[in-house]
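Notes to accompany the following structure.
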Amino acid sequence: MKYSSQAVAKPYFIAAIGLFVGQIVFGLVMGLQYVWGDFLFPEIPFNVARMVHTNLLIVWLLFGFMGAAYYLVPEEAERELHSPLLAKVLFWIFLVAGALTILGYLLVPYARLAELTMNDLLPTMGREFLEQPTITKIGIVIVALGFLYNIGMTILAGRKTVVNLVLLTGLLGLAVFFLFSFYVPDNLVLDKYFWWWVVHLWVEGVWELILGALLAFVLIKITGVDREVIEKWLYIIIAMSLITGLIGTGHHFYWIGTPGYWQWWGSIFSAMEPIPFFMMTVFAFNMVNRRRREHPNKAAMLWALGTAVMSFLGAGVWGFLHTLAPVNYYTHGTQITAAHGHMAFYGAYVMIVLTVISYAMPKLRGEEAANPRAQVVEMWSFWLMTVSMVFITLFLTGAGVLQVWMQRYTDVPQAFMVVQDKIAIFYWLREAAGAVFMTGLILYVISFFVTGEKRESVSAGVPDTA
Amino acid sequence: MDKAGYRALRVWLALVVLTLVTYAAGRAGLGGRLVISGLLLSVLIKGQMIADVFMGLKGVRSPWRWMVTGWLLVVVTLIGVAFS
Amino acid sequence: MEAVATHPAVQEKSGLPGDFAIWIFIYAELLVFGVFFLAYAFTRARHVELFNTFQQTLNRESGAINTLVLITSSYFVVMAVNAIRRNAAKRCSQWLVLAILGGGVFVVIKLAEFSAKHAEGVTLSTNTFYMFYLSLTFFHFMHVLMGMVILSVVAVKAHRGDYSAEEHTGVETGASYWHMVDLVWIVLFPLVYVLH
C-alpha cells in the first residue's frame, strides 16, 4: 500500500464478501424452492428470495467497485484520497441503507414496504432488479455522488492515467444511467426502454469499462508489462465494448412493441459483443506471458486470468447463444437466460471484484501477497466456485433447451408446469452444484485467516513503481 | 514524385475508372448474372488494391494480409450467392 | 518493481503499418460490416422486387461522387504517409488536411442525401430496404466522422512536429483506419446503390 488513505477500501471489501455470502445463501434457498415449492413458505416466498438474491448481488458488487476504486485511484493518481472521512461516512450510510432495504424485503410484505417508504410520492418500485424503495434509490444516488466527488477530486488533482480515466468514466456512467430508474412511464413499452437503459447499459455498457480498468490495473501490477502497452489494449477493448454494447441494447427490444429494425440492429451488434471479451482474454494471457516479473501473488493472477476466460464464456458465448432475434424468439425468459445471467455475472463482475480483492487485500494488511498456504486455500476456492458455476450454467442450459423444446419450439406445446416437472432433475443437479459453490465460498472466506510462515522478503525493500 | 507516389496515383486512377464503370452500369440499368459477377469482381480488385497499396499490406506477412483478402473474398462471394 | 524483472520486454512484430491495436479494431470493424452486408444481401434475396424498386429511388450520382471523394481522400492520406517517410512533416500535415476536407465533402453530400430522404418521409420503419439503406450508410457515416477526428489529431501532431521519418506510427495508424473506411464503402456503394 503506497498511500495510507487506500485503507478505506478494506471495509468495503469486507462488506462485499459478507453480502456475497448472503447472496449465495438466498440462491440456495431459491434453488431448493424450484423443486420443493413450499420450502420456507410463508416466511420467505420465492419472489422475496429472488429479490434478495439479485439485490444483494448488485449491492455487493457496488461495494466491490467502490472499494476497488478507493484502492486503485490514489495509487494511480499518486496522491492521497481527497477525503478518507467522506469515504468512511458513505460506507456506513450505504451499508445501513442496504441492510435496512434487505430487512424490509424480508420482514414486511412488499406492498407494505412501498407504503412505509412513501413510494406513492415518487413511484419507482416494482421493477425487476430495481425493486429498492424510492428512498433507498435516493440514498444510492447520494452515495454515488459523494463517491464520484471523492475519487473525481483525487483524479483531477493527481496523475491522470488511462486506467483512472476509464474507471471514472465507467463509474460516472453507472451513476448517470441509474437515474433512469426514477422514471416509470405508464406506457409499457417506454417503461421497458427506461428499465433496460439502467439494466443493460450497466452490465453491457459502463460496467465493462470498470471491468476493463480494474483488470488493466491488476495486470500492470502483477506482470510489470509497460503501462503504454496495456493502456492501448484497454482503449481498443472499451471502444469495442461501447459500440457493441450500446447499440446491442436492441437485443432487448424484440417484440415488445418497438420498431422492427431493432431485430436487425440488436442481432448484428449484440452478436459482436463477444469480440471485446475475446480481446480481453487474448490480452490478459498475452500480458501474463510477457510478464517481466514473478509476482508472489499467484492467486491474484489466477483470478485475473479466470476473469478473462469466464467473462468471455459467460457474457460472450452464452450471451451470443440466444442473442439473435430468430433464436431469442424461442428462448427468451427460459432457463437459458438464467444460465447466461449466472455465468456472465460470475465470470465478469464477481471475478473481477475478487481479483482486485485478491491483489489488494494482502497489501491492505501490510504484505506483498498472502502467505503460500493461504494462497493455496484461495486457489482451491477459485476452482471450486468456478467449476461449480460452470456446472450450474450447464445444468440450467440443459433445462432451458428442454424447456424450449417441449414448450416453445413444437407443434404440441406442453403446459409450463408439466415441463417444469420434467426438467426437475436439472434443478436438483443445479442445487447440488450450488452447494459446491457455497463450499468454495466458505473456503474463500477461510483463506483470509490461514496463517503460514512469513514469506521470504520478496516485498521488503522493493518499491512498487508500476 | 517518387515511385511509391506514382504507384498510389496509378491505383487511384484505376479506382476512379472502376467506380465510373460501376456507376455507368447502374445508370444504364444493367442487371443480370453476368453484370453482377463483373461488378463484384471489380469490387474484389478495388478492395485488394486498397489493401495492398493504400493500406500497404503487400509486403506484410500472412496471416494479417490474408485476413483482409479473405474478408473480401468471403463477403463478395456470399453476396454473389445471395444475388444469383 | 524493475528490481524483480526477470523477463525482457517483447515487442509486437506483425509488420502491419501503424499500431497493432488499430488492426485488431479494423478486423473487428470489417467483421461487423461484413455481417451487415450479408444480412442485406440475403434479406434482399427474399424480397427482390421490393429491393429493386426502392433501390431506384436512391441518388446514385451522390453515391458515385462520394465514392470518388473517398478514394481521392484515401490517396491524399497515402501521400501524407509518403511525406512523413521523407521526413516532410509540414507536407504530411497538408496532405492530411486535404484528406480531412475530402471527408468533409463526403459528410455534406451524405447529409444532403439523408435530408432528401427525410423530406420524403422515409424512416427506418418505412420498409426493409430503407431500413438497410439508412442503417448501413448511417453506420458508415459515423465511421467517416470518427476517421476525420482521428486524422485531425494526427494532422495537428504532424504540424507540431511530433512525427519523423523514424517514428511515425501515429500517422500510419490513422491512415490505416481511414483506408478501412474507404474499403468498406467500396463494397457498400455497388451493393446498395447499383447491384440488382
Legend entry - Unique residue being β-branched (Val, Ile, Thr), in a helix (DSSP H, G or I), closer than 25 Å to C:ILE26 by Cα and in contact with a Gly (Cβ under 6 Å, 6 or more places away or on another chain) when the list is A:ILE237, A:ILE247: A:ILE237
Inset, instruction - Go through region C:52-68 and give me each residue that's under 25 Å from the mean Cα position of the chain (by Cα) and either among the hydrophobic types (A, V, I, L, M, F, W, C) or closer than 21 Å to C:LEU183 by Cβ (or both). - result: C:LEU58, C:ARG60, C:SER62, C:GLY63, C:ALA64, C:ILE65, C:ASN66, C:THR67, C:LEU68
Inset, instruction - Look through region A:247-261, keep the residues that are away from chain C (no Cβ under 12 Å) and at pLDDT 95 or above, and return whichever of them is nearest to C:ASP19 (Cα to Cα). - result: A:THR249
Legend entry - Filtered residues of region B:51-67 (kept if β-branched (Val, Ile, Thr) and either without any contact (Cβ under 8 Å) to a residue 12 or more places away in the chain or within 7 Å of another protein chain (Cβ to nearest Cβ) (or both)): B:VAL60
Inset, instruction - Starting from residues that are more than 7 Å from chain C (Cβ to nearest Cβ) and closer than 19 Å to C:VAL78 by Cα, keep the ones in region B:18-50 and report whichever is surrounded by the fewest Cβ atoms within 10 Å (Cβ to Cβ). - result: B:ILE45
Inset, instruction - Go through region A:73-158 and tell me which helices (runs of 4 or more DSSP H), entirely inside it, have 2 or more residues that are touching a Phe, Trp or Tyr at 6+ places or on another chain (Cβ under 8 Å). - result: A:84-107, A:134-157
Legend entry - region C:93-130: number of residues that are closer than 17 Å to A:PRO259 by Cα and either touching a residue at least 12 places away in the same chain (Cβ under 8 Å) or in contact with a Pro (Cβ under 9 Å, 6 or more places away or on another chain) (or both): 8
Legend entry - For C:VAL32: the one exception among (1) over 21 Å from B:GLY29 (Cβ atoms); (2) at the interface with chain B (Cβ under 10 Å from one of its Cβ atoms); (3) modelled with pLDDT under 95: (2)
Legend entry - Where C:PHE189 falls short, out of the listed (1) buried (at least 19 other Cβ atoms within 10 Å of the Cβ); (2) of a type in the set (Phe, Trp, Tyr); (3) more than 10 Å from chain B (Cβ to nearest Cβ): (3)
Inset, instruction - For residues that are of a type in the set (Phe, Trp, Tyr) and either touching a Cys at 6+ places or on another chain (Cβ under 9 Å) or assigned to a helix (DSSP H, G or I) (or both), scanning just region A:159-186, find the one that is farthest from A:ILE210 (Cα to Cα). - result: A:PHE182
Inset, instruction - Might you check whether a residue that is aliphatic (A, V, I, L, M) and more than 29 Å from A:PRO109 (Cβ to Cβ) occurs anywhere in region A:32-54? - result: no
Inset, instruction - Please work out if A:HIS340 is surrounded by fewer than 21 Cβ atoms within 10 Å (Cβ to Cβ) and closer than 30 Å to A:MET406 by Cα. - result: no
Inset, instruction - Inspect region A:294-317 for any residue being within 14 Å of chain C (Cβ to nearest Cβ), surrounded by fewer than 24 Cβ atoms within 10 Å (Cβ to Cβ) and among the charged types (D, E, K, R) and give the result as yes or no. - result: yes
Inset, instruction - Could you list, in sequence order, all residues of region C:66-84 that are within 28 Å of C:GLY121 (Cβ to Cβ) and within 9 Å of chain B (Cβ to nearest Cβ)? - result: C:THR67
Inset, instruction - Please go through region C:152-175 and pick out each residue that is touching a Phe, Trp or Tyr at 6+ places or on another chain (Cβ under 7 Å) and within 14 Å of chain B (Cβ to nearest Cβ). - result: C:VAL171
Inset, instruction - Please verify whether region A:184-197 includes one or more residues that are within 11 Å of another protein chain (Cβ to nearest Cβ), free of Cβ contacts under 8 Å to residues at least 60 places away in the same chain and over 23 Å from A:ASN164 (Cβ atoms). - result: no
Legend entry - One residue from A:VAL225, A:VAL203 being in contact (Cβ under 8 Å) with a residue 60 or more places away in the chain and either within 10 Å of chain C (Cβ to nearest Cβ) or in contact with a strand residue (DSSP E or B) (Cβ under 6 Å, 6 or more places away or on another chain) (or both): A:VAL225
Inset, instruction - Have a look at A:ILE44, A:ILE24 and point out the one that is out of contact with any helix residue (DSSP H, G or I) (no Cβ under 6 Å at 6 or more places or on another chain), of a type in the set (Val, Ile, Thr) and either touching a residue at least 40 places away in the same chain (Cβ under 8 Å) or in a helix (DSSP H, G or I) (or both). - result: A:ILE44
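For every residue, the table says whether it meets (1) surrounded by fewer than 15 Cβ atoms within 10 Å (Cβ to Cβ); (2) more than 18 Å from A:LEU171 (Cα to Cα).
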residue	(1), (2)
A:ARG112	yes, yes
A:ASP120	yes, yes
A:GLY139	no, no
A:ILE142	yes, no
A:GLY146	no, no
A:TYR149	yes, no
A:ILE155	no, no
Inset, instruction - Please tell me if A:VAL48 is out of contact with any strand residue (DSSP E or B) (no Cβ under 9 Å at 6 or more places or on another chain), buried (at least 16 other Cβ atoms within 10 Å of the Cβ) and either within 23 Å of A:GLY126 (Cβ to Cβ) or not aliphatic (A, V, I, L, M) (or both). - result: yes
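The values are calculated or read from the model by the stated rules, or taken from the named source; none is laboratory data. These figures come from a predicted structure and were not determined experimentally. Neighbour counts run over all protein chains shown; Cβ positions are idealised from the backbone, glycine included.
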